[in-house]
1. Just checking the output field for A:51-64: average partner chain Cβ neighbours within 10 Å of each residue's Cβ?
2. For chain A, what does the accessible surface come to per residue with a 1.4 Å probe? Please give it in Å².
3. Return the sequence-ordered ³J(HN,Hα) values of the stretch B:63-80 in whole Hz as given by the Karplus equation 6.51 cos²θ - 1.76 cosθ + 1.60 applied to θ = phi - 60°, using x for Gly and Pro.
4. Mind checking the per residue accessible area of the stretch B:2-110 for me, 1.4 Å probe, whole number of Å²?
5. Could you work out how far helix A:341-354 tilts from the main Cα principal axis of chain A, as a 0 to 90 degree angle to the nearest 10?
6. Between B:GLU2 and A:ASP38, what's the calculated FRET efficiency when r is the beta-carbon distance and R0 is 56 Å? Round to 0.05.
7. Measure nothing fancy, just the Cα-based angle from helix A:37-58's long axis to the longest principal axis of chain A, in degrees from 0 to 90, nearest 10.
8. Compute the FRET efficiency between A:ALA238 and A:GLU272 as 1/(1 + (r/R0)^6), taking r as their Cβ-Cβ distance and R0 = 30 Å, and round to the nearest 0.05.
Amino acid sequence: MSALPDKNVRQLVDHLFRHETGRMVAVLTRFLGSENLDTAEDLVQDTLLKAMEVWRFRGVPDNPSAWLYKVARNKAIDWVRSGQRQTKLLSTEEEKIKSIWNLSSPSEALFQEGEIQDSVLRMMFACCHPSIPLESQIALTLKTLGGLSATEIANAFLTSEETIAKRIYRAKEKIKQEKIRLDPPGIFELPHRLDSVLHVLYLMFNEGYHSSHSDTIIREDVCAEAMRLTFLLAQHKATGLPKVHALMALMCLQSSRFAARTGDLGEIILLEDQDRSKWSKPLIEQGLEFLSKASVGNMLSEYHVEASIASIHSLALRFEETQWDTLLNLYETLHELKPGPMVSFNKAIAIGYAKSPEEGINELEKINSLKDHYLYLTAMGNFYLLQGDADIAKSFWEKALAKTTSAKEAALIKRKIQTCLS
Amino acid sequence: MEKFMLIFHGGSDVAPEMKNPEAMQKHMQKWFGWVEKLKKEGRYEGGEPLEPSGKFVSGPNRIVTDGPFAESKELVGGYFIISAKDIDEAVALTQDYPDFIFNGKVQVRPIQKMDM
């Protein structure tokens, strides 16, 4: 009769299943072929089920990951042997799989750490292949590499599970149609393909960070997945380029504010009102470190500029101590690299603080496409209040209140109106 | 104290909700919590998971046939041996069985003793 080891309850790493799902799917897909991505996912699902059945009675094994890999590998071998693979393997592929599986210590060989990371990177490039629609790229990456379910992704992205399922389905169809293989992109292709991977990770992080969904946990999980994958790219010698470090820096600096961003009731707290002692110092330090690693070479990406902007905020101990002049310069650079209404908006805010509220208002008035946005209306109100025009400020905030659909945002604006009246 | 066998039928292994790695891990951790509680109270004697497949050997001719033995929602997934004062207490100890939400069932069977 087996005794459950007492240690297992708290020793099981958080998110172990989720993280290992992504890694196992990547490895199995690489060896079974990308047309068998669905099979790889099923085999991994069976593996987790097996772990659940056995571990709940026997406790967690000493090396849970190795246990999972061994089961997944055996299931994959069984599947290949049972002849269920629809397309016949090319003889070279067959040799490759056999040679990998016939090594003296097969369970180790297939799942060596280097092999796993390599497979995850290849999978990332496949999921972010330019022929797959962007929103499908994001959903597929979160599903296959992040181990998130369609329900979880739908929650984080404020959309329906059906929509996410469709996006994932479309991505998988593309992989089959276009015969997207899990080969590493060639040297000439790499810069372009890397850009699209970075773009997906950037959007994934932002979606998690800015979504107004009330379930903060799932949003933080999405951000964490984006960071985990970016970190992997940053560490690899072929992809550890300055702009990858810059993106990593941006994510660290942004996520350092997670705890300060929402109040006890889940209401949003703006940068200017945040309790800066709640900012995570280790994340800020890591962010600054990545930023300095990113500052080699002469390529300046939008991630460099955005990370620098985030670092300016991180370095200000109080909102009043923000280096607005530097910030304004950075927003001007960003505006050249990536023009758009949101960048113009942030630039206008920087002008308002670096120069005068009046100039901020003038600058805001030039942006036509945001005039109905609650953030724009809120900012107008802020600058009018700084100018001493409380009545005009209030009228802008009231308009902002009518434009927001989020309860959290509404609470925030109501608070502004109240403080302005008192 | 008497001994009881808790036999688990169906449950999370067949639940469609278990398509989500995070949910699976959390659910498994509920099992750990339950076992830990039983152990702390000195009730847990042991337990084993059972493979879903196996063989039947039957009759005077020892005919061997393959499982499955029941529909998956009825299949025995494993058992615990626990100690309890009486059957009522043994039943009470199943309250934290995590698979009730997936329509899992627990059969509570007193283990026969030699001294009556």
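The values are calculated or read from the model by the stated rules, or taken from the named source; none is laboratory data. Treat the numbers as computed from the prediction; the structure is a model and nothing was measured. Every residue, glycine as well, gets a Cβ built from its backbone with ideal geometry; the counts of neighbours run over all protein chains shown. All accessible areas refer to the heavy atoms of the entire protein, side chains included, with ligands and DNA or RNA removed. Shrake-Rupley method; radii C 1.70, N 1.55, O 1.52, S 1.80 Å.
1. 5
2. 47
3. In residue order, the calculated couplings are 6, 9, 10, 7, x, x, 9, 7, 5, 4, 6, 10, 4, 7, x, x, 9, 10 Hz.
4. 53
5. Relative to chain A, helix A:341-354 is tipped by roughly 50 degrees.
6. Calculated transfer efficiency: 0.65.
7. Approximately 80 degrees, to the nearest 10.
8. Efficiency for this residue pair is about 0.10.
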